[in-house]
Amino acid sequence: GEDVEQSLFLSVREGDSSVINCTYTDSSSTYLYWYKQEPGAGLQLLTYIFSNMDMKQDQRLTVLLNKKDKHLSLRIADTQTGDSAIYFCASGDDKIIFGKGTRLHILP
Amino acid sequence: GAVVSQHPSRVICKSGTSVKIECRSLDFQATTMFWYRQFPKQSLMLMATSNEGSKATYEQGVEKDKFLINHASLTLSTLTVTSAHPEDSSFYICSARGRQGRGTEAFFGQGTRLTVV
């Protein structure tokens, strides 16, 4: 079946940029997504990118897509304590398949 | 963005009883709803996909007789965990997609924390 892989942990100092990486196998997926999950809460769609785009920027968030390598990344500029959460990469159209999530820890 | 309401947010039940979780799309018609289960510190596992008026399609390994899904209207889907056991304790999340079909955003509920004692 389709799979999405991402690293499990990332520690970043407050004010620095965070880069979360993801690889996926579903080359037919029209959209690729980044979701944020805060403790005990559901998922919040952060951003998504159409598969024919290379980059999408939305305020502090930059998504880069390398379709050839099936690699997706999320960059959070000027990381704040409120960015501390689990970030899920996801792909799929009919069924959305999630990675295991990257837990972002902010260092003071 | 669109709103999906999931109820209850937390439920504790005794082993052997059944629990119903509701997922409602509040401001759009959800032609497709998805039910996920999340284990601690793990990803979301898709349990089933339901289209309004049709039987749900279950993922491999998910017991359809244990996890009953009903999607009787365009704004409501329910997941009933029947004869719950402690190993069913988990975080269940629904998501809903509108009439635009494939590739459109699926909106998530806030999740239900089920504890079976």
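The values are calculated or read from the model by the stated rules, or taken from the named source; none is laboratory data. Values in this document were obtained by computation on a predicted structure and should not be read as measured data. Note: ideal-geometry Cβ built from the backbone for every residue, glycine included; neighbour counts use all protein chains shown. To get the accessible areas, we keep the full protein, side chains included, count just its heavy atoms, and leave off ligands, DNA and RNA. Shrake-Rupley method; radii C 1.70, N 1.55, O 1.52, S 1.80 Å.
Considering only residues in region A:66-91 that are over 29 Å from B:R10 (Cα atoms) and buried (at least 19 other Cβ atoms within 10 Å of the Cβ), the one that is farthest from the other protein chains (Cβ to nearest Cβ) turns out to be A:T79. When restricted to residues that are under 13 Å from B:L76 (Cβ atoms), under 11 Å from the mean Cα position of the chain (by Cα) and crowded, with 22+ Cβ neighbours inside 10 Å, region B:22-34 contains 2.
In this structure, A:Y48 does satisfy being of a type in the set (S, T, Y), in a strand (DSSP E or B), within 12 Å of chain B (Cβ to nearest Cβ) and open to solvent by 60 Å² or more (accessible area, probe 1.4 Å). For region A:94-108, the candidate set comprises residues that are open to solvent by 10 Å² or more (accessible area, probe 1.4 Å) and not hydrophobic (A, V, I, L, M, F, W, C); within that set, the residue that is farthest from A:D26 (Cα to Cα) is A:P108. Pick from B:Q38, B:Q60: which is open to solvent by 50 Å² or more (accessible area, probe 1.4 Å) and of a type in the set (S, T, N, Q)? From the options B:Q38, B:Q60, the qualifying one is B:Q60.
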